[in-house]
Amino acid sequence: MPIAPAGATGAIGIFPLATAPMNQHAHRAGNAIVISSRCRGLVDDCRAFIFPCGVAHGKEQPLASKKEQITFTRLCAVSRDLIYLATTPDDQELGTPFTAICQYNAGEWSYETFDISLSSMTLFKAPDKDYRVLYLLDENGVAINFDTKEREVILSDRSPLWKDYRLGYLQKIRQIGAHLYACGDGGQVYRREHDATWQFVDKAFLDGPDALLNPKSELRLLSRLMNQGENLTPENLARAKQLREANASNLLWDFSGLSEDSIYFASEKKQVYWFDGKTIHALPDKTDRGLISILAKSEDVVYAAGRDGTFLVGNHKSSFREIDAFRGLPGWPNINGMALFQDRLYMSSFADPRGLLVLNGDQIEQVHCDLTPDIKDVSAVAAVTDALWVMGTKDLLRFDGSTWERIHFPANDPVR
């Protein structure tokens with residue numbers, strides 16, 4: 001479904017009254033018609049949500065006999081009144097390719113189901129369009145236009161690459177400049193071209209063959225040598241650790257940039273990488289923990305965060321520096337998302353402690369509110385001009401800068 005440009009709050013598509021599609025629900029928004037979701041059903045109870053009474057993937061689905069609970073997995077914010085949640089049933093077996101995309105639109109919920117294992121979703125505005133659409137990323141390398149349902153296979157034939165490269169799942173999709181980009185395991189970074197094909201941005205950056213599978217590699221030979229106790233020397237152990245770290249897959253969790261010739265990547269290999277529009281470079285400032293989230297605030301200020309309280313600030317010109325910003329917290333947070341709202345940096349921490357954090361000067365603090373329960377269940381954060389959205393596995397909160405509000409999801413029990 002097309003989404004109106006920023007400023008058309010709550011809109012999914014703006015049409016003149018005479019041209020509003022008759023098969024979609026419409027209501028007035030000023031002088032325009034706001035076209036509501038083409039999702040298949042309303043999330044009015046869990047039975048309709050998990051087992052739609054109608055057609056899903058071309059098959060009739062039976063009604064469930066009891067109310068099951070739903071887990072929120074991904075968040076994409078459009079405006080103060082419009083968001084998308086990716087969800088899965090609590091009783092779904094791990095690895096099942098099923099995701100329900102739920103839309104909250106000014107108090108109304110609707111949904112549509114997909115046979116995918118969703119890893120990320122984002123909004124995309126094509127250069128020749130005046131609206132945005134939602135794009136879904138399947139971890140197995142398929143991008144889906146939520147409006148047209150067209151599926152774009154990012155890498156159509158991987159088999160010629162298996163000998164020389166290690167590929168894996170894709171983790172993140174996001175628009176930078178005029179293009180969509182996607183990143184993931186094995187150093188994979190792709191750009192969507194205007195003809196809807198996807199291309200590597202730097203094929204040389206991909207991980208090479210796994211050294212553990214090569215019987216002649218130094219890592220394999222050293223591992224075999226250390227099977228004998230007398231070879232477990234400090235020197236050999238240190239060298240083996242160094243080789244294992246170098247051989248580990250370069251998992252890119254996240255990326256951010258203000259232009260297509262300056263994009264930053266957060267890597268599980270404890271490093272920030274920078275793309276200059278042609279080549280991806282490893283920046284020299286390594287940490288001792290994996291990086292999961294990154295956000296470019298300006299050309300000079302880029303935040304990178306990750307496991308066990310790792311938090312860096314810098315840029316590719318003057319390097320990154322690690323900041324001890326968590327000293328007032330009871331643990332070492334694991335940051336998996338960041339968002340700027342009203343010029344303040346908010347972070348979602350999924351553990352130690354779990355919750356919403358905010359950068360206050362040079363110190364990161366936990367955010368509390370006057371709701372019961374307090375903000376505890378947090379796994380994602382997203383910001384739009386006039387609202388901060390905070391999502392947990394079951395909780396959904398909205399903050400306008402002064403007031404917190406909990407949004408109830410009708411398929412679940414109330415958060416208490």
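The values are calculated or read from the model by the stated rules, or taken from the named source; none is laboratory data. The structure displayed is predicted, hence computed values, not measured ones. Cβ atoms come from the backbone with ideal geometry, glycine included; neighbour counts cover every protein chain shown.
Would segment 65-77 turn up any residue that is at positive phi, at pLDDT 50 or above and more than 23 Å from the chain's Cα centre (by Cα)?
Looking for residues that are at positive phi, at pLDDT 50 or above and more than 23 Å from the chain's Cα centre (by Cα), one finds none in segment 65-77, hence no.
I'd like the full set of residues that are within 22 Å of the chain's Cα centre (by Cα), buried (at least 18 other Cβ atoms within 10 Å of the Cβ) and in a loop (DSSP other than H, G, I, E, B), limited to segment 394-416.
Within segment 394-416, Asp395, Phe409 meet the criteria.
Report, by residue number, each residue of segment 362-374 that is outside any strand (DSSP E or B), hydrophobic (A, V, I, L, M, F, W, C) and touching a residue at least 24 places away in the same chain (Cβ under 8 Å).
First, the residues of segment 362-374 that are outside any strand (DSSP E or B): 362, 367-374.
Filter once more, keeping what is hydrophobic (A, V, I, L, M, F, W, C): 367, 369, 371.
Listed by number, the residues that qualify are Cys369, Leu371.
Of the residues Phe265, Phe311, which single one is modelled with pLDDT of 95 or more and either small (Gly, Ala, Ser) or in contact with a Cys (Cβ under 9 Å, 6 or more places away or on another chain) (or both)? It would help to see each step written out before you state the result.
Details: Phe311 fails: either small (Gly, Ala, Ser) or in contact with a Cys (Cβ under 9 Å, 6 or more places away or on another chain) (or both).
Being modelled with pLDDT of 95 or more and either small (Gly, Ala, Ser) or in contact with a Cys (Cβ under 9 Å, 6 or more places away or on another chain) (or both) holds for just one of Phe265, Phe311, which is Phe265.
I'd like to verify a number: residues in segment 380-393 that are in a loop (DSSP other than H, G, I, E, B) and buried (at least 21 other Cβ atoms within 10 Å of the Cβ), how many? Please lay out each step first, then the result.
Pass one, segment 380-393, residues in a loop (DSSP other than H, G, I, E, B): 385-386, 392-393.
So of that shortlist, the ones also buried (at least 21 other Cβ atoms within 10 Å of the Cβ) come out as 392.
Final tally of qualifying residues: 1.
Name the residues in segment 281-320 that are within 17 Å of Gln363 (Cβ to Cβ) and surrounded by fewer than 20 Cβ atoms within 10 Å (Cβ to Cβ), would you? Give the derivation first.
Start the filter on segment 281-320 by keeping residues that are within 17 Å of Gln363 (Cβ to Cβ), which leaves 301, 303, 305, 309-313.
Val301, Val313, listed by residue number.
Counting only residues that are without any contact (Cβ under 8 Å) to a residue 60 or more places away in the chain, closer than 21 Å to Ile292 by Cα and of a type in the set (Asp, Glu), how many does segment 174-211 have?
Total meeting the criteria: 1.
Has segment 174-183 got any residue that is over 15 Å from the mean Cα position of the chain (by Cα), over 15 Å from Val201 (Cα atoms) and surrounded by fewer than 16 Cβ atoms within 10 Å (Cβ to Cβ)? Steps first, please.
From segment 174-183, those over 15 Å from the mean Cα position of the chain (by Cα) are 177-179; that's our starting set.
Subsequent filtering for residues that are over 15 Å from Val201 (Cα atoms) retains none.
Within segment 174-183 (the criterion being over 15 Å from the mean Cα position of the chain (by Cα), over 15 Å from Val201 (Cα atoms) and surrounded by fewer than 16 Cβ atoms within 10 Å (Cβ to Cβ)), the answer is no, since none of the residues qualifies.
Does segment 154-172 contain at least one residue that is closer than 24 Å to Leu82 by Cβ and either surrounded by 16 or more Cβ atoms within 10 Å (Cβ to Cβ) or without any contact (Cβ under 8 Å) to a residue 40 or more places away in the chain (or both)?
yes
So, in segment 120-178, exactly how many residues are assigned to a strand (DSSP E or B), polar (S, T, N, Q) and out of contact with any Lys or Arg (no Cβ under 9 Å at 6 or more places or on another chain)?
Going residue by residue through segment 120-178, those that are assigned to a strand (DSSP E or B) are 120-124, 132-138, 142-145, 151-153, 170-176.
If we keep only those that are polar (S, T, N, Q) too, we end up with 120, 122, 145, 171, 175.
Okay, now just the ones that are also out of contact with any Lys or Arg (no Cβ under 9 Å at 6 or more places or on another chain), so 171.
The number of residues fulfilling the criteria is 1.
Does segment 197-209 contain any residue that is modelled with pLDDT under 95, more than 24 Å from the chain's Cα centre (by Cα) and not aliphatic (A, V, I, L, M)?
Within segment 197-209 (the criterion being modelled with pLDDT under 95, more than 24 Å from the chain's Cα centre (by Cα) and not aliphatic (A, V, I, L, M)), the answer is yes, since at least one residue qualifies.
Report yes if Ala240 is surrounded by 17 or more Cβ atoms within 10 Å (Cβ to Cβ) and of a type in the set (A, V, I, L, M), otherwise no.
Yes; evaluated as a whole, the condition is true for this residue.
Output the number of residues of segment 342-357 satisfying the condition of being of a type outside the set (D, E, K, R), at pLDDT 95 or above and surrounded by fewer than 16 Cβ atoms within 10 Å (Cβ to Cβ).
Residues in segment 342-357 being of a type outside the set (D, E, K, R), at pLDDT 95 or above and surrounded by fewer than 16 Cβ atoms within 10 Å (Cβ to Cβ): 1 in total.
Can you pull out the residues in segment 254-291 that are part of a strand (DSSP E or B) and either over 16 Å from Gly314 (Cα atoms) or not hydrophobic (A, V, I, L, M, F, W, C) (or both)? Full working, then the answer.
Taking segment 254-291 and keeping what is part of a strand (DSSP E or B), we get 254-259, 262-267, 271-275, 280-282, 291.
Listed by number, the residues that qualify are Asp254, Ser256, Gly257, Ser259, Ser262, Tyr264, Ser267, Gln271, Tyr273, Ile280, His281.
Which one is surrounded by the most Cβ atoms within 10 Å (Cβ to Cβ) among residues in segment 194-237 that are touching a strand residue (DSSP E or B) at 6+ places or on another chain (Cβ under 9 Å) and in a helix (DSSP H, G or I)? First the steps, then the outcome.
Residues of segment 194-237 that are touching a strand residue (DSSP E or B) at 6+ places or on another chain (Cβ under 9 Å), as a first pass: 194, 196-202, 204-206.
If we keep only those that are in a helix (DSSP H, G or I) too, we end up with 204-205.
Working: Ala204: 9, Phe205: 20.
Taking the candidates together, the pick is Phe205.
Restricting attention to segment 296-326, which residues are farther than 15 Å from Leu345 by Cα and charged (D, E, K, R)?
Once the filter is applied, which keeps residues that are farther than 15 Å from Leu345 by Cα and charged (D, E, K, R), segment 296-326 yields Glu299, Asp300, Arg307, Asp308, Lys317, Arg321, Glu322, Asp324.
Would you call Ala339 surrounded by 15 or more Cβ atoms within 10 Å (Cβ to Cβ), touching a residue at least 12 places away in the same chain (Cβ under 8 Å), of a type in the set (Gly, Ala, Ser) and not in a strand (DSSP E or B)?
Values: surrounded by 15 or more Cβ atoms within 10 Å (Cβ to Cβ): yes; touching a residue at least 12 places away in the same chain (Cβ under 8 Å): yes; of a type in the set (Gly, Ala, Ser): yes; not in a strand (DSSP E or B): no.
So Ala339 does not fit the description; no.
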